[in-house]
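Please read the structure below before turning to the comments.
The values are calculated or read from the model by the stated rules, or taken from the named source; none is laboratory data. From a predicted model like this one, the values you see are computed outputs, not experimental measurements. Methodologically, a virtual Cβ is constructed for each residue, glycine included, from the backbone with ideal geometry; neighbour enumeration extends over all protein chains shown. With ligands, DNA and RNA removed, areas are computed over all heavy atoms of the protein, side chains included. Shrake-Rupley method; radii C 1.70, N 1.55, O 1.52, S 1.80 Å.
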Amino acid sequence: MEQKKKNGAIVAIAAMVFLFAMISFVTNMAAPFGTIWKLKYEWAGMVGNLMNFAAYLFMGIPAGMMITKIGYKKTALVALALGFIGVAVQYGSSTMNADAIGAYVVYLLGAFICGFCVCILNTVVNPMLNLMGGGGNRGNQLIQIGGSLNSLAATLTPMLAGAMIGEITKSTSMGDVAPLLIIAMAIFAASFVIIYFTKIEEPETEKSNVVEGIKGALKYKHLVLGIIAIFFYVGIEVGIPGQLLFYLGKPVADGGVLGSVAIAGVIAGFYWLLMLVGRLTSAFISGAVSSRAQLTTVSAVAIVLLVAAIFMPEASKITLAGAEVPFKVVLIIACGICTSVMWGVVFNLATEGLGKYTAAASGLFMTMVVGGGVMPFIQNIAAESIGDINSYWIVVAMLAYMLFYALIGSRPSKK
């Protein structure tokens, strides 16, 4: 009986780790697609990403309620169905007149629906892995293992999208990435079938009043400050490679470095690859090294890397993926090691000691993931006036808050 229960737990963990990869696959299509729309509408580069993350604002708390009412598995199935619909709508935009504003509106609608999908999946995956690990360092360890596969998907997605887009020209359209969207629909359909037939032993959820659960959770100061930290963190994680893609990929005549989204996608992919390395490392050491120590270290190192990149002269060059780029690009990419562990450790620190309020806290967390849309959008708009590289000062400011949370804000206490 004990062995059967253990096998069920392993299957459940494997299923959650796989869903972690789906989250990244959907999310990281937005930036490469944004290079297409930015050519047609200057302000449109990060709007698709903004729509993707805006869904979190509306779905974060309801997603937590769904888990309480129908369980983790059924909630995940709803998310996968929404993901299929969202990608199908985006595919519909690729069949329309590329120069018509209607095509862009349809694309944004698809991105918004996909946002509901990844929000719900995040709400399912993170607390389940944390609870199945028993919380603490072991819970963080399982989240980092899931995050490793998430990073692998994140590494491949911009590379695939960039290869399909190639060089940005006036004729570039969503039709160029239609094959990727078809692949995405097939993956969602297959994932739905796999999860449907997988028996998952779910952790018990607290059947409590939603409003009271939220009120109870918000009594914990370290959770409130952690919610703010997660808002900034997702903005950091998405903004660093997203703006780098625009910096490298836009036409040279417009101030770009390469003018090729294909090569820019490969280089940006290195950032996600380093996130994979960082998460694998964290998964290995998290049993012994505390979440607070990890967050303190990576926040400080990321600040140093970005400040150095901002001040480094453009004339200092290096060859990456067969193309000559400023050496500062290497420093920006290196931040992937730092951002790799932040999600897991912030979630772990913020929910420490919450007990029955963990589900409500997870919903609040997912709501504030909207920062992944808001902050990169602000950074992208700022880049139009102060330059792509100087826009990273916004990221430095967010990292400063992360350092504060690691040193002071994450100490468990009630208001």
Between A163 and K199, take the C-beta separation as r, use R0 = 41 Å, and let me know the FRET efficiency to the nearest 0.05.
-> 0.60
What is the helix-to-structure angle for 47-70, meaning the angle in degrees between its Cα long axis and the longest Cα principal axis of the chain, kept from 0 to 90 and rounded to the nearest 10?
-> 10 degrees
Which of A383, N49, V224, positive extreme of dipole for the chain (C-beta unit charges) = V224
Among A81, I165, F33, whose Cα sits farthest toward the positive end of the charge dipole of the chain (+1 at Cβ of Lys/Arg, -1 at Cβ of Asp/Glu, about the Cα centre)?
-> A81
The range 64-108 residues near the modelled I214 label - backbone nitrogen below 20 Å, point 7 Å along Cα→Cβ | 64-71
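At R0 = 25 Å, how high is the FRET efficiency between E384 and K170 if r is their beta carbon distance? Nearest 0.05 is fine. Intermediate results must be reported in sequence, preceding the final value.
Details: r = 20 Å, r/R0 = 0.81.
Computed FRET efficiency for E384 and K170 comes out at 0.80.
Roughly speaking, what is the stretch gain from N97 to M65, that is 0.36 nm per residue apart minus the C-alpha to C-alpha distance, in nm to one decimal?
Values: separation 32, 0.36 × 32 = 11.52 nm, distance 4.00 nm.
Computed gain between N97 and M65 is 7.5 nm.
Rank D176, D99 by accessible area, highest first, at a 1.4 Å probe radius?
Numbers: D176 60, D99 115 Å².
Result, largest first: D99, D176.
For the chain, what does the helix formula give at 222 nm: sum of -39500 (n - 2.57) over DSSP H segments with n ≥ 4, over the residue count, nearest 500 deg cm²/dmol? Don't skip to the end; give the middle numbers.
Numbers: 16 runs with 310 residues, N = 415.
Result for the chain, helices only: -25500 deg cm²/dmol.
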³J(HN,Hα) across the range 395-402 via Karplus (A = 6.51, B = -1.76, C = 1.60, θ = phi - 60°), whole Hz, x for Gly/Pro?
-> 5, 4, 4, 5, 5, 5, 5, 4
Rounded to the nearest 10 degrees, the helix 261-285 long axis (Cα) sits at an angle to the longest Cα principal axis of the chain of 30 degrees
For Y220, residues with placed amide H under 5 Å, excluding near neighbours | K415
In degrees, nearest 10, the alpha-carbon axis of helix 136-165 is tilted away from the dominant principal axis of the alpha carbons of the chain by 30 degrees
Could you pull out the pairs from K221/K328; K219/K328; K74/K219; K40/K328; K73/K250; K170/K328 whose alpha carbons sit more than 32 Å apart here?
-> K221/K328; K219/K328; K73/K250
For the residue pair I408 and F327, what label-to-label distance in nm results when each label sits 7 Å from Cα along the Cα-to-beta-carbon direction?
-> 3.6 nm
Given Cα pairs under 8 Å that are at least 6 residues apart, what percent is the relative contact order of the chain?
-> 26 percent
Quick one: what are the phi-derived ³J(HN,Hα) couplings along the range 108-124, Karplus 6.51/-1.76/1.60 with θ = phi - 60°, whole Hz, x for glycine and proline?
-> 5, 4, x, 5, 5, 5, 4, x, 4, 4, 5, 5, 5, 4, 4, 5, 6
